[in-house]
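Asker: What follows is a structure written as structure tokens; I'll ask about it next.
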Amino acid sequence: MTTILCITVLSVIGGVIFAIHYAAGKSPTRRRPQPRRVVTRPAAGTCPQEPPVLTDSSPPKPSRPRSLTLTPIDLSKLKKLPEIAAMHRLKTDQGEIPHDMLVNVEKVSRLLCTRSLVLKGFAAVKHEPKELTALVLRDPALAGQILKTVNSAFYGLRYPVASVFKAVLLLGHVEVRNIIWRSCFAEALGSESGPTTATIESIWQHSFAASRATYALAKSLGLSNSDDLSTIALLHDIGKILYLRARPFSGLAVYEPGGYSGPKQLAREMSEIDFMHPALGSEVVRAWGLPDESCRTVALHHQPIFSDPNEVNGNRPVISLIYLTDILCHCAAQSRSDGEQPPIYLPRDGWLELLGIRNGLESLLNENVVRHLSANPFAKDPGAKQADEALSGLRSSASDGAPF
């Protein structure tokens with residue numbers, strides 16, 4: 001009898017202990033299984049230099065959406081250029097390029113030939129991050145230059161990016177391709193150090209923003225050749241950079257950091273250096289083997305200020321798009337700055353209609369376009385230290401060919 005009573009008491013006690021553990025979500029006999037870490041190694045022949053990618057086989061946790069603060073873009077300062085007889089020369093004459101400038105153009109074009117396969121590959125691999133990474137890793141010097149640029153003050157990431165794959169995934173194919181163009185330019189002409197550094201840096205930032213914005217606007221407007229258009233936008237002010245590298249002191253007297261090239265600026269170029277930057281830029285684009293249409297677009301990208309569409313001989317919708325993203329980027333920069341700003345001029349009547357824009361520029365400023373108009377939309381991104389959260393939201397867009 002005593003034995004039976006003891007067994008009964010122990011059973012009751014055991015049941016109470018089990019109930020307590022069960023209510024607390026713990027089991028006294030079984031340990032909760034831990035998430036298993038799996039090392040996924042790339043297939044043979046693909047990205048051999050990249051480190052293994054750690055993945056988690058447990059169900060993914062819902063990620064919190066990243067907050068994005070967008071600076072409103074003030075379009076109120078945009079105005080039409082009044083008819084001024086003195087501006088007629090700017091419509092018809094961009095000056096003659098001096099010989100020493102053409103020599104520097106040839107230096108850059110020779111180096112670009114060595115990277116032509118990589119740049120062509122970017123247009124042929126459908127923007128898959130792994131394939132783009134494999135292309136870059138074929139040129140170790142280029143891979144190092146991309147990582148150096150990504151981790152520089154140009155982007156201002158909070159945490160370093162240690163692999164080319166993460167750089168491609170974070171920045172997207174448009175931005176990485178732009179870095180390659182810039183790297184070719186820098187390697188051909190030497191390091192960008194000296195009194196012109198800040199001015200050149202501001203022009204590159206504006207050009208990168210114009211390239212991203214052109215890609216986004218082309219997609220928004222339903223244009224099919226968005227990659228080619230974004231390349232033209234990247235190079236639209238390359239003439240300024242080349243002149244600053246060749247003649248730094250006279251260049252600083254003409255060009256200001258991030259300055260908008262309105263009629264007064266273009267007239268100043270003609271009076272002080274005898275040619276305008278679009279003419280020099282078109283020579284750079286021609287030397288680099290881009291199509292004649294791209295060269296002509298760079299040469300004429302300021303003509304919407306002065307000329308009606310029927311007065312311009314070129315791909316008028318593309319010229320309109322490049323000028324449009326140019327002035328929108330300058331409007332975005334002015335919206336982030338204090339103090340008095342110079343006026344920015346709308347294109348003449350008929351240019352916006354070539355792109356099907358009939359409800360004003362405000363109709364184009366959706367969140368995606370506004371973000372791309374920023375000089376550096378990546379500065380607030382979390383970078384490599386929080387890559388698991390950041391990259392999960394970027395994988396789908398990167399595989400679809402979005403800029404990032």
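The values are calculated or read from the model by the stated rules, or taken from the named source; none is laboratory data. Predicted model, so just to flag it, every value in this text is computed and none were measured. Reconstructed Cβ throughout: ideal geometry from the backbone, glycine too, with neighbour counts over all protein chains shown.
Asker: Report the residue count in region 326-376 for those that are farther than 24 Å from residue 219 by Cα, in contact (Cβ under 8 Å) with a residue 60 or more places away in the chain and of a type in the set (Gly, Ala, Ser).
Answerer: 1
Asker: Is there any pair linking a residue in region 197-219 that is at negative phi and of a type in the set (Phe, Trp, Tyr) to one that is outside any helix (DSSP H, G or I) and crowded, with 22+ Cβ neighbours inside 10 Å, with Cβ under 6 Å and at least six apart or on different chains, and which?
Answerer: 215/403
Asker: Keeping to region 263-285, report how many residues are surrounded by fewer than 18 Cβ atoms within 10 Å (Cβ to Cβ) and not in a helix (DSSP H, G or I).
Answerer: Selection size over region 263-285: 1.
Asker: Which of (1) surrounded by 23 or more Cβ atoms within 10 Å (Cβ to Cβ); (2) part of a loop (DSSP other than H, G, I, E, B); (3) among the polar types (S, T, N, Q) does residue 133 not meet, given it meets every other one?
Answerer: That leaves (2) as the condition not met.
Asker: Here's a follow-up. Any chance you could count how many residues in region 286-325 are in a helix (DSSP H, G or I), without any contact (Cβ under 8 Å) to a residue 60 or more places away in the chain and among the polar types (S, T, N, Q)?
Answerer: Residues meeting the conditions: 2.
Asker: Step by step: first the residues of region 333-355, then only those that are over 15 Å from residue 323 (Cα atoms) and out of contact with any Gly (no Cβ under 8 Å at 6 or more places or on another chain), then the one that is surrounded by the most Cβ atoms within 10 Å (Cβ to Cβ). Which residue is that?
Answerer: Looking at the filtered set, the residue picked out is 334.
Asker: Of the numbered conditions (1) more than 18 Å from residue 372 (Cβ to Cβ); (2) surrounded by fewer than 17 Cβ atoms within 10 Å (Cβ to Cβ); (3) in contact (Cβ under 8 Å) with a residue 40 or more places away in the chain; (4) of a type in the set (A, V, I, L, M), residue 161 fails exactly one; give the number of that condition.
Answerer: (2)
Asker: Now for a different question. How many residues are charged (D, E, K, R), over 22 Å from residue 204 (Cβ atoms) and either at pLDDT 95 or above or touching a helix residue (DSSP H, G or I) at 6+ places or on another chain (Cβ under 8 Å) (or both) when one looks only at region 312-347?
Answerer: Matching residues across region 312-347 total 1.
Asker: Still on this structure: Would you kindly identify the helices (runs of 4 or more DSSP H) lying entirely within region 62-126 that contain at least 1 residues that are at pLDDT 70 or above and either within 24 Å of residue 230 (Cβ to Cβ) or of a type in the set (A, V, I, L, M, F, W, C) (or both)?
Answerer: Details: elements: 88-92, 99-114, 116-122.
Passing ranges, in order: 99-114, 116-122.
Asker: Kindly indicate whether any position in region 235-245 is out of contact with any helix residue (DSSP H, G or I) (no Cβ under 8 Å at 6 or more places or on another chain) and at pLDDT below 90.
Answerer: Scanning region 235-245, I find no residue that is out of contact with any helix residue (DSSP H, G or I) (no Cβ under 8 Å at 6 or more places or on another chain) and at pLDDT below 90, so the answer is no.
Asker: Go through region 150-169 and give me each residue that's at pLDDT 85 or above and either in a helix (DSSP H, G or I) or in contact with a Lys or Arg (Cβ under 6 Å, 6 or more places away or on another chain) (or both).
Answerer: Within region 150-169, 150, 164, 165, 166, 167, 168, 169 meet the criteria.
Asker: How do the helices (runs of 4 or more DSSP H) wholly within region 197-249 filter down when requiring 2 or more residues that are under 19 Å from residue 352 (Cβ atoms): which remain?
Answerer: 197-220, 226-234
Asker: To continue, here is another question. With respect to residue 246, determine if the residue is among the hydrophobic types (A, V, I, L, M, F, W, C) and surrounded by fewer than 19 Cβ atoms within 10 Å (Cβ to Cβ).
Answerer: Numbers: among the hydrophobic types (A, V, I, L, M, F, W, C): yes; surrounded by fewer than 19 Cβ atoms within 10 Å (Cβ to Cβ): yes.
Against the criterion (among the hydrophobic types (A, V, I, L, M, F, W, C) and surrounded by fewer than 19 Cβ atoms within 10 Å (Cβ to Cβ)), residue 246 qualifies.
Asker: Let me ask something else about it. When you scan region 235-266, how many residues do you find that are among the hydrophobic types (A, V, I, L, M, F, W, C) and within 25 Å of residue 318 (Cβ to Cβ)?
Answerer: Result for region 235-266: 5.
Asker: While we're looking at this one, here's another question. Please go through region 151-169 and give me each residue that is touching a helix residue (DSSP H, G or I) at 6+ places or on another chain (Cβ under 7 Å) and closer than 14 Å to residue 129 by Cβ, ordered by number.
Answerer: Correct list: 161, 164, 165, 166, 167, 168, 169.
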